[in-house]
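The values are calculated or read from the model by the stated rules, or taken from the named source; none is laboratory data. The structure presented is a predicted model; accordingly, all values stated were derived computationally and were not measured. Cβ placement follows ideal geometry from the backbone for every residue including glycine, while neighbour counts extend to all protein chains displayed. Each accessible area value is taken on the protein alone, full model and side chains, heavy atoms only, with ligands, DNA and RNA left out. Shrake-Rupley method; radii C 1.70, N 1.55, O 1.52, S 1.80 Å.
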Amino acid sequence: MKSSLVLASASPFRRALLENAGLTFAARAAQLDERALERPLEEAGASPTEVALALAEAKARDVSRHFDGALVIGSDQTMSLGARVYHKPKDMAEAAEHLLSLAGETHSLNSAIVIVRDGDVLWRHVSTAHMTVRPLDRTFVERHLKRVGEKALSSVGAYQLEGEGIQLFEKIDGDYFTILGLPMLPLLSKLRELGSIDA
């Protein structure tokens, strides 16, 4: 008998990815203070990849308590440039600072997935996309943010790749699903291996 699937997220983007792949699943957001979990990890020198994995695991374990026997998929994404780990901008001034700091640089999007059943971790995975932003000046950044408006505050990098944010980039090395925060190909492969979806 196939295990039921649960997505430990309220993200409409992640839900849509699973729905579009034809999966049947429940969705429930984890009740966690992500910043409180993240802070001690960063202070201890955890890498952006390790932080993403720890948060994905915490989400999956939290939701797993409510679904006996189910395969619970937890995911998280961190964005980093060198040693700096970014968080969602608080306001438009911080969004502008983010974009200007990324200009002419290659940053990383680290997308982690953890599958948990009854509190036990069955699988961990991280995919990383490398995103090269073209050189930008403050005038362009301010015009860009004026056009996209508050949407800039909804993502860590202050950009939406599926919209006007694509104009910020010179090169992208990584797959679309990793960029969106849920690496679908390795996830589907593991779910087939676990017998949760048809091979």
Alpha carbon centroid spacing (whole Å) that separates region 142-184 from region 27-65: 23
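Using helices alone, I'd like the mean residue ellipticity at 222 nm for the chain: each DSSP H run of four-plus residues gives -39500 (n - 2.57), total over residue count, nearest 500.
Calculated from helices alone, the mean residue ellipticity at 222 nm is -11000 deg cm²/dmol.
Once the Cα gyration tensor of the chain is found, what semi-axes does its equivalent ellipsoid get, as square roots of 5 times the eigenvalues, in whole Å, sorted largest first? The partial results should precede the final answer.
Values: eigenvalues 199, 62, 43 Å².
Computed over the chain, the values are 32, 18, 15 Å.
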Averaging sequence separations of C-alpha pairs under 8 Å and six or more residues apart, then dividing by the length of region 5-194, give the relative contact order as a whole percent. 21
Once phi for every residue in region 28-35 is put through the Karplus expression 6.51 cos²θ - 1.76 cosθ + 1.60 (θ = phi - 60°), the whole-Hz ³J(HN,Hα) values, with Gly and Pro written as x, are 8, 6, 6, 9, 10, 8, 4, 5
The long-range amide H neighbours of L122, using H built 1.01 Å from N in the peptide plane and a cut-off of under 5 Å, are I115, V116, R117
Lys/Arg +1, Asp/Glu -1 at C-beta; region 44-171 dipole; positive extreme among H130, L53, H144: H144
Skip the ligands, DNA and RNA, and give the accessible area per residue of region 5-194 with a 1.4 Å probe, whole Å². 49
Whole-Hz couplings from phi, Karplus 6.51/-1.76/1.60, listed for region 176-192; x for Gly and Pro: 4, 5, 4, 4, 6, x, 9, x, 6, 5, x, 5, 5, 4, 5, 5, 5
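What is the percent carbon and sulfur in the accessible area of region 5-194, measuring with a 1.4 Å probe over the protein chains and ignoring ligands?
Values: 4540 of 9230 Å².
Roughly 49 percent of what the probe reaches on region 5-194 is carbon or sulfur.
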Prolate/oblate/rounded call for region 135-175, Cα gyration tensor, a/c under 1.5 rounded: oblate
Eligible lysines near K146 by straight Cα distance, threshold 23 Å, same-chain separation 8 or greater: K88, K90
Distance histogram for region 110-199 (every C-alpha pair counted, 5 angstrom bins, percent rounded to whole numbers): 3, 12, 18, 18, 14, 11, 9, 8, 4, 3, 0
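Could you give the size of the charge dipole of the chain about its Cα centre, using +1 on the Cβ of each K and R and -1 on the Cβ of each D and E, expressed in debye and rounded to the nearest 20?
Magnitude of the dipole: close to 320 debye.
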